[in-house]
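Remarks on the structure that follows.
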Amino acid sequence: MVRGIRGATTILNNNKEEITVATEKLLRAMIQANSINASDVAQILFSVTEDVDASFPAAAARLIEGWAYVPVMCMREIPVPGSLPMCIRVMMTVNTTAKQEEIVHIYHEGAISLRPDLSHTTSNG
């Protein structure tokens, strides 16, 4: 069965290091919480708000051992007035035997507000 696993985080500063660190942390949490192997991943889509443009968040996937061949793509979110700023979102499409209600969606930092009903959350604050 193919399932989507969602994740999101926010950053404080639009710079390459912060984008990479926050995205890698989010990806590793998604991988661990859902016991994902790179060979089971069909693709990972990354989206960012307009205020995040210093780096491609997808580059963080290449820092994870064994994930070099996973297809990744970055795109920009629709700039809806009042939407959460400085946000990086992830949609990971995986082959899994998990039921939809068993998927663990991960939200960090300010992104916890996006889907508190579905999320397993962490925050540094």
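Read-outs throughout are calculated quantities, based only on the coordinates presented, and are distinct from any laboratory measurement. Remember, predicted model here, so these are calculated numbers, not experimental data. All Cβ positions, even for glycine, are placed from backbone atoms using ideal geometry, and neighbour counts span all protein chains on display.
Listed values, structure above:
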| quantity | calculated |
| --- | --- |
| Qualifying trypsin sites (Lys or Arg not before Pro) for the range 30-125 [loop in DSSP, other Cβ within 10 Å: at most 10] | K99 |
| Rg/Rh (Cα only; Kirkwood hydrodynamic radius) as it applies to the chain | 0.94 |
| Kirkwood Rh and Cα Rg combined as Rg over Rh, evaluated for the range 19-77 | 0.95 |
| Using θ = phi - 60° and Karplus 6.51 cos²θ - 1.76 cosθ + 1.60, couplings along the range 8-14 (whole Hz; Gly, Pro as x) | 7, 8, 10, 10, 8, 10, 7 |
| Extension reserve of the K16-A98 stretch, reckoned as 0.36 nm per residue once the Cα distance is removed | 26.1 nm |
| Under 5 Å, built H, 5+ apart or other chain: amide partners of H105 | H120 |
| Listed residues P85, M30, T20: farthest to the positive end of the dipole of the range 2-122 (Cβ charges) | M30 |
| Most mobile of P81, P71, P57 in a GNM of the chain (Cα contacts under 10 Å) | P81 |
| Kirkwood hydrodynamic radius (C-alpha pairs) into Stokes-Einstein, the range 60-99, 25 °C and 0.890 mPa s, D in µm²/s | 185 µm²/s |
| Max mean-square fluctuation residue, GNM over the chain, Cα-Cα springs under 10 Å, options L12, L45, L27 | L12 |
| Residue-by-residue Karplus 3J(HN,Hα) for the range 22-37, coefficients 6.51, -1.76, 1.60, Hz, glycine and proline x | 5, 5, 4, 4, 5, 4, 4, 5, 5, 4, 5, 5, 10, 6, 8, 9 |
